[in-house]
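The values are calculated or read from the model by the stated rules, or taken from the named source; none is laboratory data. Treat the numbers as computed from the prediction; the structure is a model and nothing was measured. Note: ideal-geometry Cβ built from the backbone for every residue, glycine included; neighbour counts use all protein chains shown.
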Amino acid sequence: MADHLVTAATAATEFADESAPVERPTAVDEVVVLDYGGQYSQLIARRVRECGVFSELLPHHVGAAEVRRRKPKGLILSGGPASVYADGAPKLDPELLELGIPVLGICYGMQLLALKLGGRVEGAEVGEFGRSQLTVRDPGRLLAELPAEQSCWMSHRDTVFAAPPGFRELASSTESPVAAFESEERGVYGIQFHPEVVHTPYGQDVLKRFLGDVCGCDMQWSAASIVEEQVERIRAQVGDAKVICGLSGGVDSSVAAVLVHKAIGDQLTCIFVDHGLMRKNEGDQVVAAFREQYGIPLVAVDAERRFLDKLRGVTEPEAKRKVIGAEFIRVFEEEAAKIGDAKYLVQGTLYSDVIESGGGTGAATIKSHHNVGGLPEDLEFELVEPLRSLFKDEVRAVGAELGLPERLVWRQPFPGPGLAIRVVGGEATKERLDVLRDADYILQDEIRKAGLYRDLWQSFCVLPDVRTVGVQGDERTYGYVVVIRAVTSDDAMTADWARLPYDLLEQIASRMINELREVNRVVLDITSKPPGTIEWE
Ligand code: XMP
């Protein structure tokens, strides 16, 4: 997976300057990661959190004052795609080195430090991309107790040839004379390799040394530990006002709803709009979990007819999205009005949404898709966003902590417009949606039985508006083609097609053809992203 990520095109994350900061949990140590545009910047923050230290990813240009305001115990400078010598390349604000906290530069971050402090950085003839061998000559503080020889992951062309004066050169690699350096006195550390990717087996140990030994962090933070804190915050925010929450059946809105219910009980009402474009039994599962398991007041609206009527004659995917998005808002507003005088709306906004809310990048484009089937920003509610500081896997941990059913916690992402955008090239009629729903059910059933569901980012079927000739029981048939799409991914920005076992594929195909009269052919999509997208449009 990460292999694929490394070779895939990089898209620097952009930030909306106006995006509100996340609420830092009180009484926990934090380390700030400054993003210089590297493809792994989010991953660095996640890995720091996995070490038990709360971490925020901020754009590199926020300035030293903003970093100081957060009172972090340490600072990490991420990698980035630029050469330190390129025009317009992000520079190092020297004040960042005067905050009185340790600084770790990774890749581009290390090169910035080297350049600023008088080391020698040059564009090398040969870049160093992929797996490399690290030789530790002087472990210093950062690499203490780690093997002298280890493999690591590199992705750079500029190279540090000499550490700044007064620094210890700790290690070299296949193509980097100085692959790690440090100055304990100055509290400045640099590594050329990427500790955050799985291909650096001791990477997490290096981060732990920096966070624990160097920064002196108390490594106690966990996603689950935010529950009590959030409960207090939600109570303080909403007082005794009424709150509503749109449930989609996905993990984010479910966890947000349960958390808010834990805080304010029946002041919360959930609204679940079943647009008839869900997967098989999905609506029933959501209703059962919320009404029966948690006793959360829930309005479930069966709006299938309304959506199908609106979708009649609509074949273009973008047009489908628009129709569904608009109708969703209409139904939601009608139901919210019936509840009356609700002041707050719960949203399952995640930390990655906060980071990616800038415009102009691939990230932002995907985000605009995500909003389809969601709610617009100008609804007349104040927002309650209890998951704003969490990454997806952390939300799952909170969901598990709150006792949500395993099926809900581990549900794969599902687009807001649902199965309608997976009937491609034609109208999403009830008949086609039912064929697709049944095919999808077989796929999920077999993937779960094979124990692969959690390994896949997404697995689903696509139903093109195409029929082909087949032969079954001596008879000529003319049936639908079902496409199997299964991908691995870390964040949906890039994805690889999943190598499902042949026997499993055969079992899935034969079940689809035997059990679904309308289907006589099954094919597998073997396109990664890029160049493809995950969904078909
Ligand atoms: P693509 O197809 O662009 O999808 O590679 C990336 C991720 O976004 C999901 N997706 C959507 N999610 N509403 C959503 O809520 C949408 O309209 C939508 N379109 C795509 C997709 O399933 C994948 O996880």
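General remarks:
- Only one of the listed residues (234, 296, 271, 244) is crowded, with 19+ Cβ neighbours inside 10 Å, more than 22 Å from residue 331 (Cβ to Cβ) and not assigned by TED's automatic domain parsing to the domain that holds residue 464. That residue is 234.
- If you go through region 326-351 and keep only what is part of a helix (DSSP H, G or I), of a type in the set (Phe, Trp, Tyr) and over 14 Å from residue 299 (Cα atoms), you end up with 328, 351.
- Residue 28 vs. criteria surrounded by 15 or more Cβ atoms within 10 Å (Cβ to Cβ) and either small (Gly, Ala, Ser) or modelled with pLDDT under 95 (or both): yes
- Exclusive hit being touching a strand residue (DSSP E or B) at 6+ places or on another chain (Cβ under 7 Å) and within 30 Å of residue 283 (Cβ to Cβ), set 238, 197, 206: 238
Residues checked against (1) touching a residue at least 24 places away in the same chain (Cβ under 8 Å); (2) assigned by TED's automatic domain parsing to the domain that holds residue 484; (3) among the aliphatic types (A, V, I, L, M); (4) within 16 Å of the ligand (Cβ to nearest atom):
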site: 501; (1), (2), (3), (4): yes, yes, no, no
site: 504; (1), (2), (3), (4): yes, yes, yes, no
site: 508; (1), (2), (3), (4): yes, yes, yes, no
site: 511; (1), (2), (3), (4): yes, yes, no, no
site: 516; (1), (2), (3), (4): yes, yes, yes, no
site: 519; (1), (2), (3), (4): yes, yes, yes, no
site: 531; (1), (2), (3), (4): no, no, no, yes
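- Matching option when the condition is closer than 26 Å to residue 43 by Cβ and surrounded by 23 or more Cβ atoms within 10 Å (Cβ to Cβ), among 225, 172, 155: 155
- Residue among 420, 428 that alone is closer than 22 Å to residue 248 by Cα, assigned to a helix (DSSP H, G or I) and touching a residue at least 60 places away in the same chain (Cβ under 8 Å): 420
- So residue 471, is it in a strand (DSSP E or B), free of Cβ contacts under 8 Å to residues at least 24 places away in the same chain, outside the structural domain of residue 392 (by TED's automatic domain parsing) and not hydroxyl-bearing (Ser, Thr, Tyr): yes
- Looking across 463, 436, one residue alone is in a helix (DSSP H, G or I), touching a strand residue (DSSP E or B) at 6+ places or on another chain (Cβ under 6 Å) and assigned by TED's automatic domain parsing to the domain that holds residue 510. It is 436.
Yes or no, residue by residue, for (1) modelled with pLDDT of 95 or more; (2) part of a helix (DSSP H, G or I):
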| residue | (1), (2) |
| --- | --- |
| 199 | no, no |
| 204 | yes, yes |
| 207 | yes, yes |
| 213 | yes, yes |
| 216 | yes, no |
| 221 | no, no |
| 224 | no, yes |
| 229 | no, yes |
| 256 | yes, yes |
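- Looking across region 422-457, the residues that are out of contact with any Phe, Trp or Tyr (no Cβ under 8 Å at 6 or more places or on another chain) and within 15 Å of the ligand (Cβ to nearest atom) come down to 423, 428, 436, 456, 457.
- The single condition from (1) assigned to a strand (DSSP E or B); (2) in contact with a Gly (Cβ under 6 Å, 6 or more places away or on another chain) that residue 195 fails is (1).
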